[in-house]
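One structure is given here, and the rest of the page talks about it.
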Amino acid sequence: MATELRCPDSMLCHNQQVNSSSTQNPEPQQPGDLIPAHAGGNSDSAAKLTLSGHANSSVPAERDSQVSGGATLNSENSGGTGNYDAPASDPLLGDCEISRQIGAQLKLLPMNDQIRELQTIIRDKTASRGDFMFSADRLIRLVVEEGLNQLPYKECMVTTPTGYKYEGVKFEKGNCGVSIMRSGEAMEQGLRDCCRSIRIGKILIQSDEETQRAKVYYAKFPPDIYRRKVLLMYPILSTGNTVIEAVKVLVEHGVQPGVIILLSLFSTPPGAKSIIQEFPEITILTTEVHPVAPTHFGQKYFGTD
């Protein structure tokens, strides 16, 4: 069970334009996030949604170290420097201070030595890609499992092979996942391993090469996403602005922020705080809030480092 931080006292997309207000400095997509040739992939009938309303955002989008179609993405930290972590502006904060600044909507997995070791391997510059991916997938699975625990269940009665009546629970229907490409796609398999039939949508946010303004290039959701609870997947929260932009797109499709659970592996205090300030009803689930975010995650996970 995740702990609140408290002080001790067939999938289709909507073929329509989406307009949204822009946010400052959208969250960096993780290094190595390349635009796939077919960004969707959960249904043969899925179609691409072009969203032009975000093209007028006034601030450059942060990147996943991604170059596609001639568009180069900018980032807070320079690519190719070998720097694995991007420091945030806030100093290291204790749980009480984080709780005071952010609030109970931020939930942390209970820390133990297993989680701490996985975090250490992911942050280790010398870790092999095989060890990195193995540790990342394990940590993703832990976050996904706890994210599912935040969804509603209902009581049910089943009959055992011996004829015994057992009172249990089962998921309520109406859930889906949405990954913020490309780094968020690293979390999709972990969700499918737990929910084989769950639908997963996608959002791609980049900066325009000429204007350096944030733009939502692609979005694909289940047509009834406005009636679903959403597990939004993005592994690294640096400033939080890419997530804010993605949530705006979901809201434009009728999704209420209160039914969105953001699944993340690492977050900085400013990143989590900015999201909660913009959308106080959203729930953020992560393993660690630390001023230094491992922004090399996407690049190393997808082998583009």
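The values are calculated or read from the model by the stated rules, or taken from the named source; none is laboratory data. These numbers come from a predicted model, not from an experiment. FYI the Cβ positions are ideal-geometry reconstructions off the backbone, even for glycines, and counts take in every protein chain you see. Only protein heavy atoms, including side chains, enter the accessible area calculation; ligands, DNA and RNA are left aside. Shrake-Rupley method; radii C 1.70, N 1.55, O 1.52, S 1.80 Å.
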Looking at Val178, Val216, can you tell me which residue is touching a helix residue (DSSP H, G or I) at 6+ places or on another chain (Cβ under 8 Å), at pLDDT 95 or above, open to solvent by less than 10 Å² (accessible area, probe 1.4 Å) and aliphatic (A, V, I, L, M)? Val178
I'd like the full set of residues that are within 15 Å of the chain's Cα centre (by Cα), more than 17 Å from Ala127 (Cβ to Cβ) and in a helix (DSSP H, G or I), limited to region 274-302. Ser274, Ile275, Ile276
Taking Phe221, is it touching a Pro at 6+ places or on another chain (Cβ under 7 Å), of a type in the set (Phe, Trp, Tyr) and crowded, with 23+ Cβ neighbours inside 10 Å? no
For region 122-141 the number of residues that are farther than 13 Å from Phe266 by Cβ and either buried (at least 20 other Cβ atoms within 10 Å of the Cβ) or of a type outside the set (Gly, Ala, Ser) (or both) is 11
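Return yes when Pro222 is in contact with a Cys (Cβ under 8 Å, 6 or more places away or on another chain) and not in a strand (DSSP E or B) and no when it is not.
On the way: in contact with a Cys (Cβ under 8 Å, 6 or more places away or on another chain): yes; not in a strand (DSSP E or B): yes.
In short, yes.
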With respect to Val169, determine if the residue is out of contact with any His (no Cβ under 7 Å at 6 or more places or on another chain) and surrounded by fewer than 12 Cβ atoms within 10 Å (Cβ to Cβ). yes
Please go through (1) part of a loop (DSSP other than H, G, I, E, B); (2) surrounded by fewer than 21 Cβ atoms within 10 Å (Cβ to Cβ) for Val251 and return the number of the only condition it doesn't satisfy. (1)
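Which residue out of Thr268, Thr304 is open to solvent by less than 20 Å² (accessible area, probe 1.4 Å) and polar (S, T, N, Q)? Give the derivation first.
Details: Thr304 fails: open to solvent by less than 20 Å² (accessible area, probe 1.4 Å).
Exactly one of Thr268, Thr304 is open to solvent by less than 20 Å² (accessible area, probe 1.4 Å) and polar (S, T, N, Q), namely Thr268.
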Inside region 267-305, the number of residues satisfying the requirement of being among the aromatic types (Phe, Trp, Tyr) and more than 18 Å from Glu188 (Cβ to Cβ) is 1
Pairs with Cβ under 8 Å, 6+ apart, first in region 252-278 and hydroxyl-bearing (Ser, Thr, Tyr), second open to solvent by 10 Å² or more (accessible area, probe 1.4 Å) and part of a strand (DSSP E or B): Ser267/Glu288; Ser267/Val289; Thr268/Val289; Thr268/Val292
